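Single-structure report; data block below.
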Amino acid sequence: MGDKVEARAIAISAGVPIVPGTDSPITCLTEAKEFSNKYGFPIIFKAAYGGGGRGMRVVRSYEELEENYTRAYSEALSAFGNGALFVEKFIEKPRHIEVQIIGDKYGNVVHLYERDCSIQRRHQKVVEIAPAAQLDPQLRDRLTHDSVKLAKQVGYENAGTVEFLVDKHGKHYFIEVNSRLQVEHTVTEEITDVDLVHAQIHVAEGKSLPELGLKQENIRINGCAIQCRVTTEDPARGFQPDTGRIEVFRSGEGMGIRLDSASAFQGAVISPHYDSLLVKVIAHGKDQHVAATKMSRALAEFRIRGVKTNIPFLQNVLNNHQFLHGTVDTQFIDENPDLFNLRPVQNRAQKLLHYLGHVMVNGPTTPIPVKAKPSSVDPVVPPVPISEPPPGFRDILLREGPEGFAKAVRNHRGLLLMDTTFRDAHQSLLATRVRTHDLKKISPFVSHNFSNLFSLENWGGATFDVAMRFLYECPWRRLQELRELIPNIPFQMLLRGANAVGYTNYPDNAVFKFCEVAKENGMDIFRVFDSLNYLPNMILGMEAAGQAGGVVEAAISYTGDVADPSRTKYTLDYYVNLSEELVKAGTHILCIKDMAGLLKPKASDMLIRALRDKFPDIPIHVHTHDTAGAGVASMLACAEAGADIVDVAVDSMSGMTSQPSMGAIVACAKGTSLDTGIQMEKVFDYSEYWEVARGLYAAFDCTATMKSGNADVYENEIPGGQYTNLHFQAHSMGLGNKFKEVKKAYAEANKILGDVIKVTPSSKIVGDLAQFMVHNGLSREQVETMADELSFPLSVVEYLQGYVGIPYGGFPEPLQSKVLKDLPRIEGRPGATLPSMDFAKLEDGLRSKYDDITPEDIMSAAMYPKVFEEYKEFSTQFGPVECLNTRLFLEGPKIAEEFEVELERGKTLHIKALALGDLNKAGQREVFFELNGQLRSLLVKDTQAMKEMHFHPKALKDVKGQIGAPMPGKVIDIKVKEGEKIEKGQPLCVLSAMKMETLVNSPVTGTVKKIYVKTDMHLEGEDLLIEIE
């Protein structure tokens, strides 16, 4: 009965109906063609000497015949040592029902009822149920009767399974006998309480079935049992086998749950050369629904890390309505695509261990400007009341809207402050590297003790891309979490006009959509500026912020010196006239944005008095940097002249290229008409927190190379943040002693470009030209004379083309003509001609690549597509690193260090770093941790060591013509040659893993440039197979 062809002949002689098929194994493709001509399609090839889905292929057309015959033969030969096949007519959508039998040496045969094995993929069973749901009793009798009759006909001994297909009309067809114990025998044992293994052994010893108590009348069905096969296969990729090392294994157990384990244990290596089964989970209950509920609970308790499994798919099957309340057939998986809507496994703890291990082996993942270690001391948060925070200006905004809010600001007695500590202060001093982790810790204290702040600047500017690019955080999540912790103080962001939070022009609808999503996530005040004060760009940003429902704060970028009669370009009239245009455009608040800290007290008084006289009802807000050290004096002068709000940073984060000191302003205004109402003691506590926190960012602190501010900023006019960056760059390039030369070149570059407003991105253009001049030893005169010969930085060329906008006074001539020659020029607002961004298409593309995409993710991808992609890949690999404290994030734990990581409220990991292993042959080191009392170990690639070792190249995801291995395995066949022209969908090669063969097809049309593999080569997943041009 183990010979399928022989078994068919016996079934025919016994009068048991069979599926039409060949009487013996076929020997060539011609016989398969003859069979298909006689019976028509579909047909199915089956291995004559084995099962489990191997060597089994359905053919639905003549065109598929040869390829499927070859694949089935090859699989059967590989799995069973004999490639013999036979052919049957394929029954569409049958139920796969099998009957368990057992016989003895004395002619006794009994059945133990049936199992439903219809839920299959690639003809291999996935879920088995006993007894079969909603099976007609008469059909059950026929199936069991025919099974026993077949067994008696041949004098069958011991356990076996008689398998049938049941069509939609209830007609059954014998297909084969498995003359052994099967994987799914467990469900039969559970419902009959018969130990089949025990019975087998005693039958082999010569005992009869009656002696074992196995009489047909005594065998009864008790409840329902379900078996799920947990395998290392990825349902999302067509159940491709996954290989690797099991890093974590924890099973689900409990009453009514049985586990039959295979190679499932922590540290086990899953090879591509063996079956993918890890463990069989069997649930027993009074009926199918109860058994399914127990099974769902048990599967949910499993934790398997290091390899992908089919558990999420199995959970979907168990929750499927058809499975629970109806009947299923062999097409169940194919006809229920929602089964593949897999709930992503978070795996946060293991991913974080991988990150920590990676940092321990390879060092920080974010670029480090200077070699300085983070402080070992963590900042302590001052005491915070348990009660709700007091009401603040945001309560007025929510109650009265932007217009009412602006009136309340204007009518307020005393000086209002905006705190930049959460954004511009650390952007200027610490390279924008302050993490959400440290911002969140101090947020409740700020909410309770600084409720009378005008606003808290915490978003926009460089923080948006740096959060993703270097901190591996979602900037939107930062906004959401801070909003929850600080509900009473308005949040303010920096919006670069038509550039939004980027460095380029975006389509208008992208800017509008960005502001809309920002407002929905808790942003209140939008400080809108343009790097050239180009009015059309500013008005676009103002309209976008206003339409979103935000407070519009139009910001004029300040340069020059209105108190110096010799500075004739940016005069007092220039600023007053520009302000008038912004007020006409509907700004709620007028801002002077002094990015370089050029406002001296006299100029401050002149400018603010002129604006206050011209616009008595509009709140005036002033921003400066303290690079020269005169920031406090200038801001007090602005306040005396009529400014309503000035920007400050808490003392330990103030001064130099940051904002003036909060404590100094509060102290100087105390007891005067400008009194801020802020308690000095709270400022001290706030400052102490940031003084310690700043030590965590020692590697990014500007004081590593810059020991003080410098009044020469009045000459070079370098913006605060850029001043810090240029200083870092000069020292990193060994030009620390030439920084004075760089600053001088910056001033000269500014004059070459026509004395422009210098704010991101225009400041970068001036900086690029300055460094170009220093590197090439060029003077201003030489640049202007040789402009038609020099190869200028791209940013300078694009600026002169008009990509940034039109500067006040126009572009410098003849420089523009000399540089551009015949290059095209943009007339008017650069973004006006850009086509609208297709957000639906963008969303579809993102959802096809990533499991969890939010509206905020779509905006991140719209602003920074490449940065967002890299951030998502990092998060997928290393998890929520924002949960780690800053020292751990930057340098990882020390050996024997114990620490806690809070994933979310109520979910805390207790981790101890145990040991770091030696380098292995694969260029990896084993890193050992203790996680919640359990040993965890993982292998981490040593990137430095791997540079010196040879490995097969990987396919690059963003290179369309590079075809990678979809799974680990062995190359069976290569179907193309180098130089051959191929079509999309054409077979390229055949891979084999876990004895299952997969055909790799070309995703593109083109020419085979290079083949990187050979037959019989063993590959890892994503190893480069073929490159196509």
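Of the residues that sit in the stretch 668-714 and are hydrophobic (A, V, I, L, M, F, W, C) and outside any helix (DSSP H, G or I), which one is nearest to residue 364 (Cα to Cα)? Reasoning before the result, please.
Pass one, the stretch 668-714, residues hydrophobic (A, V, I, L, M, F, W, C): 668-669, 674, 678, 680, 683-684, 690, 692-693, 696, 698-700, 702, 704, 706, 711, 713.
Those left that are additionally outside any helix (DSSP H, G or I): 674, 678, 696, 706, 711.
Values: 674: 46, 678: 39, 696: 14, 706: 23, 711: 36 Å.
Selected residue: 696.
Yes/no per residue for (1) open to solvent by 10 Å² or more (accessible area, probe 1.4 Å); (2) free of Cβ contacts under 8 Å to residues at least 40 places away in the same chain; (3) acidic (Asp, Glu):
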position	(1), (2), (3)
637	yes, yes, no
647	no, no, yes
662	no, no, no
683	no, yes, no
702	no, no, no
710	yes, no, no
723	no, no, no
Note down all Cβ pairs under 8 Å where the first residue falls in the stretch 335-361 and is among the hydroxyl-bearing types (Ser, Thr, Tyr), the second is not in a helix (DSSP H, G or I), and they're at least six residues apart or on different chains.
-> 355/365; 355/879; 355/884
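For the stretch 398-432, how many residues meet the condition of being assigned to a helix (DSSP H, G or I) and under 27 Å from the mean Cα position of the chain (by Cα)?
Going through the stretch 398-432, the residues assigned to a helix (DSSP H, G or I) turn out to be 398-411, 424-429.
In the following step, the residues that additionally are under 27 Å from the mean Cα position of the chain (by Cα) were identified as 426-427.
Final tally of qualifying residues: 2.
Looking only at the stretch 118-131, count how many residues are in a loop (DSSP other than H, G, I, E, B) and in contact with a Cys (Cβ under 9 Å, 6 or more places away or on another chain).
1
For the stretch 337-360, which positions are part of a helix (DSSP H, G or I) and either open to solvent by 10 Å² or more (accessible area, probe 1.4 Å) or on the phi > 0 side of the Ramachandran plot (or both)?
Here is the first cut: in the stretch 337-360, the residues part of a helix (DSSP H, G or I) are 337-340, 348-360.
Those that are part of a helix (DSSP H, G or I) and either open to solvent by 10 Å² or more (accessible area, probe 1.4 Å) or on the phi > 0 side of the Ramachandran plot (or both): 337, 338, 340, 348, 349, 351, 354, 358, 360.
In this structure, does residue 754 turn out to be at positive phi and at pLDDT below 85? Spell out how you get there, then give the answer.
Numbers: at positive phi: yes; at pLDDT below 85: no.
Taking the combined requirement at face value, the residue does not satisfy it.
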Here is a list of conditions, (1) touching a residue at least 60 places away in the same chain (Cβ under 8 Å); (2) in a helix (DSSP H, G or I); (3) of a type outside the set (Lys, Arg), and residue 175 meets all of them except one; can you say which number that is?
-> (2)
Taking the stretch 885-911 as the region of interest, how many residues are assigned to a strand (DSSP E or B) and either open to solvent by 60 Å² or more (accessible area, probe 1.4 Å) or small (Gly, Ala, Ser) (or both)?
-> 6
Yes/no for residue 757 being under 26 Å from residue 535 (Cβ atoms) and assigned to a loop (DSSP other than H, G, I, E, B) | yes
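Out of the residues in the stretch 501-550 that are outside any loop (DSSP other than H, G, I, E, B), among the aliphatic types (A, V, I, L, M) and over 20 Å from residue 475 (Cβ atoms), state the one that is farthest from the chain's Cα centre (by Cα). Spell out the reasoning first.
Of the residues in the stretch 501-550, the ones outside any loop (DSSP other than H, G, I, E, B) are 508-520, 525-528, 535-547.
This time we only want the ones that are among the aliphatic types (A, V, I, L, M), so: 510-511, 517-518, 525, 528, 535, 538-540, 542, 544-545.
When the remaining residues are screened for being over 20 Å from residue 475 (Cβ atoms), the result is 535, 538-540, 542.
On the way: 535: 38, 538: 33, 539: 35, 540: 32, 542: 32 Å.
So the residue we want is 535.
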Give just the number: which of (1) in a loop (DSSP other than H, G, I, E, B); (2) in contact with a strand residue (DSSP E or B) (Cβ under 8 Å, 6 or more places away or on another chain); (3) open to solvent by 20 Å² or more (accessible area, probe 1.4 Å) does residue 307 not satisfy?
-> (3)
How many of the residues making up the stretch 826-855 are part of a helix (DSSP H, G or I), open to solvent by 30 Å² or more (accessible area, probe 1.4 Å) and either closer than 18 Å to residue 467 by Cβ or among the hydrophobic types (A, V, I, L, M, F, W, C) (or both)?
-> 5
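Please work out if residue 92 is outside any loop (DSSP other than H, G, I, E, B) and under 30 Å from residue 231 (Cα atoms). Explain how you work it out, then say what you get.
Working: outside any loop (DSSP other than H, G, I, E, B): no; under 30 Å from residue 231 (Cα atoms): yes.
For residue 92, the condition - outside any loop (DSSP other than H, G, I, E, B) and under 30 Å from residue 231 (Cα atoms) - is not met.
Keeping to the stretch 255-279, report how many residues are of a type in the set (Gly, Ala, Ser), over 12 Å from residue 229 (Cα atoms) and open to solvent by less than 20 Å² (accessible area, probe 1.4 Å). Outline the logic, then answer.
Quick first cut of the stretch 255-279, residues of a type in the set (Gly, Ala, Ser) only: 256, 261-264, 267-268, 271, 276.
Applying the additional criterion that residues be over 12 Å from residue 229 (Cα atoms) yields 256, 263-264, 267-268, 271.
Okay, now just the ones that are also open to solvent by less than 20 Å² (accessible area, probe 1.4 Å), so 264, 268.
Of the residues in that region, 2 qualify.
Has the stretch 675-689 got any residue that is of a type in the set (Ser, Thr, Tyr) and modelled with pLDDT under 95? Don't jump to the end; show me each part of the working.
At the first step, the residues of the stretch 675-689 found to be of a type in the set (Ser, Thr, Tyr) are 676, 686-687, 689.
After this cut, where a residue has to be modelled with pLDDT under 95 as well, the list is none.
Within the stretch 675-689, none of the residues are of a type in the set (Ser, Thr, Tyr) and modelled with pLDDT under 95.
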Inspect all residues belonging to the stretch 107-117 and state whether any of them is in a strand (DSSP E or B), modelled with pLDDT of 85 or more and surrounded by fewer than 17 Cβ atoms within 10 Å (Cβ to Cβ).
-> no
Is there any pair with a first residue in the stretch 739-761 that is under 24 Å from residue 574 (Cα atoms) and small (Gly, Ala, Ser) and a second that is in a helix (DSSP H, G or I) and open to solvent by 20 Å² or more (accessible area, probe 1.4 Å) whose Cβ atoms are under 7 Å apart and which are 6 or more apart or on different chains, and what are they?
-> 747/715
Output the qualifying pairs, or none if there are none: Cβ atoms under 6 angstrom, residues six or more apart or on different chains, first residue in the stretch 18-36 and more than 23 Å from residue 165 (Cβ to Cβ), second residue crowded, with 19+ Cβ neighbours inside 10 Å.
-> 29/69
When both residues are 6+ apart or on different chains and their Cβ atoms are under 8 Å apart, which pairs have a first residue that lies in the stretch 791-804 and is polar (S, T, N, Q), and a second that is surrounded by 16 or more Cβ atoms within 10 Å (Cβ to Cβ)?
-> 795/761; 795/764; 795/765; 795/768; 801/820; 801/826
Only one of these conditions is not met by residue 628: (1) closer than 17 Å to residue 576 by Cα; (2) touching a residue at least 40 places away in the same chain (Cβ under 8 Å). Which number is it?
-> (1)
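Given the structure, is residue 872 within 11 Å of the chain's Cα centre (by Cα) and in a helix (DSSP H, G or I)?
On the way: within 11 Å of the chain's Cα centre (by Cα): yes; in a helix (DSSP H, G or I): yes.
Yes: the conditions hold for residue 872.
Among the residues of the stretch 687-700, which ones are open to solvent by 10 Å² or more (accessible area, probe 1.4 Å) and over 12 Å from residue 369 (Cβ atoms)?
Step one: list which residues in the stretch 687-700 are open to solvent by 10 Å² or more (accessible area, probe 1.4 Å), which gives 687-688, 691-692, 694-695, 698.
If the condition is that a residue be open to solvent by 10 Å² or more (accessible area, probe 1.4 Å) and over 12 Å from residue 369 (Cβ atoms), then 687, 688, 691, 692, 694, 695 are the ones that fit.
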Of the conditions (1) touching a Lys or Arg at 6+ places or on another chain (Cβ under 6 Å); (2) in a helix (DSSP H, G or I), residue 374 fails just one. Which one is it?
-> (2)
Are any of the residues in the stretch 217-230 open to solvent by 10 Å² or more (accessible area, probe 1.4 Å), in contact (Cβ under 8 Å) with a residue 60 or more places away in the chain, within 25 Å of residue 344 (Cβ to Cβ) and in a strand (DSSP E or B)?
-> yes
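Here is a check on your reading of the model: is residue 282 open to solvent by less than 30 Å² (accessible area, probe 1.4 Å), in contact with a helix residue (DSSP H, G or I) (Cβ under 7 Å, 6 or more places away or on another chain), touching a residue at least 40 places away in the same chain (Cβ under 8 Å) and under 30 Å from residue 168 (Cβ atoms)? Write out each step before concluding.
On the way: open to solvent by less than 30 Å² (accessible area, probe 1.4 Å): yes; in contact with a helix residue (DSSP H, G or I) (Cβ under 7 Å, 6 or more places away or on another chain): yes; touching a residue at least 40 places away in the same chain (Cβ under 8 Å): yes; under 30 Å from residue 168 (Cβ atoms): yes.
Considered against the rule, which asks whether it is open to solvent by less than 30 Å² (accessible area, probe 1.4 Å), in contact with a helix residue (DSSP H, G or I) (Cβ under 7 Å, 6 or more places away or on another chain), touching a residue at least 40 places away in the same chain (Cβ under 8 Å) and under 30 Å from residue 168 (Cβ atoms), residue 282 comes out as yes.
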Give the stretch 433-453 a look and list any residue that's farther than 26 Å from residue 904 by Cβ, open to solvent by 10 Å² or more (accessible area, probe 1.4 Å) and in a loop (DSSP other than H, G, I, E, B), or say none.
-> 451, 452
Just for the stretch 715-751: of the residues that are modelled with pLDDT of 75 or more and assigned to a loop (DSSP other than H, G, I, E, B), which one is nearest to residue 530 (Cα to Cα)?
-> 719
Residue that is most open to solvent (accessible area, probe 1.4 Å) [pool: residues in the stretch 156-185 that are touching a helix residue (DSSP H, G or I) at 6+ places or on another chain (Cβ under 8 Å) and more than 19 Å from residue 10 (Cβ to Cβ)] | 181
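The values are calculated or read from the model by the stated rules, or taken from the named source; none is laboratory data. Remember, it's a predicted structure, so these values are computed and weren't measured experimentally. Quick reminder, even Gly has a Cβ in these numbers, built from the backbone with ideal geometry, and neighbours come from all protein chains shown. Keep in mind that these areas ignore ligands, DNA and RNA; they rest on the heavy atoms of the full protein, side chains included. Shrake-Rupley method; radii C 1.70, N 1.55, O 1.52, S 1.80 Å.
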